Amino acid sequence: MSSENTPTLIGTAPYFNVRDLAASLDYYCDVLGFTRPHLWGEPPTFAMPFRDGFIFMLKQVGPKHEIVPNRERGGYWDAYVWVRNVRALYAEFEAKGAEFAYGLTHQHEYDNIEFAVYDPDGHFIAFGQGIEDEE
């Protein structure tokens, strides 16, 4: 039985270093449909665009700071976002000109329907849902 005093995990927010905060916000908000957030710093160097309770933390770094997405270090995604109605989300992103890493795919290994996009700094973000959750 749970109570208000029981420790509970309520969310996560991937933290991405970016070269140009304004360009990143344009992509996350205009293409991926996130809400433009409050900006921190003078000049602004940090923001947390949000959509449906999901947040990305974006931190602008200096020109000498190296940005290395996971795939460049032998990994795969930088973030995996679980969604409802993945096909409609794919169509929304496609209509807004998202840069796709791969299109709608049935991943038989773990039985998800998913797709992935790149952000302006090369972060590899997948959006997916379980095949059993398709309506």
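The values are calculated or read from the model by the stated rules, or taken from the named source; none is laboratory data. This is a predicted model, so every value here is computed, not measured. Neighbour counts run over all protein chains shown; Cβ positions are idealised from the backbone, glycine included. Just so you know, the surface numbers come from the protein's heavy atoms only, side chains and all, with ligands and any DNA or RNA stripped out. Shrake-Rupley method; radii C 1.70, N 1.55, O 1.52, S 1.80 Å.
Please identify the pairs in which a residue from the range 76-102 that is in contact (Cβ under 8 Å) with a residue 60 or more places away in the chain and over 23 Å from Gly11 (Cβ atoms) has its Cβ atom under 8 Å from the Cβ atom of a residue that is open to solvent by 50 Å² or more (accessible area, probe 1.4 Å) and in a helix (DSSP H, G or I), counting only partners at least 6 apart or on another chain.
Lys96/Asp30
What residue, of Phe100, Phe115, is in a strand (DSSP E or B), open to solvent by 10 Å² or more (accessible area, probe 1.4 Å) and under 23 Å from Ala23 (Cβ atoms)? Quick ask: steps written out before the conclusion?
On the way: Phe115 fails: open to solvent by 10 Å² or more (accessible area, probe 1.4 Å).
Among Phe100, Phe115, only Phe100 is in a strand (DSSP E or B), open to solvent by 10 Å² or more (accessible area, probe 1.4 Å) and under 23 Å from Ala23 (Cβ atoms).
Among the residues of the range 127-135, is there at least one that is within 18 Å of Arg19 (Cα to Cα) and either open to solvent by 60 Å² or more (accessible area, probe 1.4 Å) or at pLDDT 95 or above (or both)?
Filtering the range 127-135 for residues within 18 Å of Arg19 (Cα to Cα) gives none.
Within the range 127-135, not a single residue is within 18 Å of Arg19 (Cα to Cα) and either open to solvent by 60 Å² or more (accessible area, probe 1.4 Å) or at pLDDT 95 or above (or both).
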